[in-house]
1. Take the residues in segment 29-69 that are open to solvent by 80 Å² or more (accessible area, probe 1.4 Å) and within 15 Å of T89 (Cβ to Cβ), then tell me which one is modelled with the lowest pLDDT.
2. Of the conditions (1) within 29 Å of I51 (Cβ to Cβ); (2) under 18 Å from the mean Cα position of the chain (by Cα); (3) in contact (Cβ under 8 Å) with a residue 40 or more places away in the chain; (4) open to solvent by 70 Å² or more (accessible area, probe 1.4 Å), I125 satisfies every one except a single condition; which number is it?
3. Report every pair of residues separated by at least 6 positions or lying on different chains whose Cβ atoms are under 9 Å apart, first residue within segment 76-97 and charged (D, E, K, R), second surrounded by 16 or more Cβ atoms within 10 Å (Cβ to Cβ) and part of a strand (DSSP E or B).
4. Considering only residues of segment 92-120 that are closer than 29 Å to I46 by Cα and in contact with a strand residue (DSSP E or B) (Cβ under 6 Å, 6 or more places away or on another chain), which is modelled with the lowest pLDDT?
5. Which number in (1) at positive phi; (2) touching a residue at least 24 places away in the same chain (Cβ under 8 Å) marks the one condition that A37 misses?
6. Among (1) loosely packed, with under 13 Cβ neighbours inside 10 Å; (2) outside any loop (DSSP other than H, G, I, E, B); (3) of a type in the set (G, A, S), there is one condition G119 misses while meeting the rest; what is its number?
Amino acid sequence: MPNFYREQILLLLLAFLLNLSDTTAQVNIALQLHNPACGGFSSGHITAIPIGGSAPYTYLWSTGSTANPLQNVPAGTYTVTVTDFQGVTGTATGVLTEPPPLEVSIVVTDCGLPGTMEGVITGGIIPLSTDGAMAKQPQLLPIYKPICIVLQ
């Protein structure tokens, strides 16, 4: 075999070995966090995205789950350990938070007949919805069929 081909084969083998050593590098993890929709709900989820290492990957969450994504969890701190095909591991921690509590304040603007009231809604997750209408936060929203109590 001529030296030229021998050198080419050696270079290809060296490149292959260098690429192989790169795949055993540390496993880094990016997390996609999706907070629960309401306080006290278990509707949050987290997706672990491994960067580096060799597929396939296995996942172990602080909850004991081995699924990815981790679904239907409440607000809290979650840690995942990702192990690649060659046994190299990486760890990441994410925090899911609850949205601010939804609060409604009623303001009587006219005690005549017909009277009027307005409701101020704060907290929650934007956009808010009342009677199918979308609202930004905070905003005055009309309340129909007002009741006016006059104390004497």
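1. I51
2. With respect to (1) within 29 Å of I51 (Cβ to Cβ); (2) under 18 Å from the mean Cα position of the chain (by Cα); (3) in contact (Cβ under 8 Å) with a residue 40 or more places away in the chain; (4) open to solvent by 70 Å² or more (accessible area, probe 1.4 Å), I125 is out only on (1).
3. D84/P50; D84/G90
4. The extreme case among them is E103.
5. Among (1) at positive phi; (2) touching a residue at least 24 places away in the same chain (Cβ under 8 Å), the lone unmet condition for A37 is (1).
6. Every listed condition holds for G119 apart from (1).
The values are calculated or read from the model by the stated rules, or taken from the named source; none is laboratory data. Predicted model, so just to flag it, every value in this text is computed and none were measured. Neighbour counts run over all protein chains shown; Cβ positions are idealised from the backbone, glycine included. Accessible surface areas use protein heavy atoms only, side chains included; no ligands, DNA or RNA. Shrake-Rupley method; radii C 1.70, N 1.55, O 1.52, S 1.80 Å.
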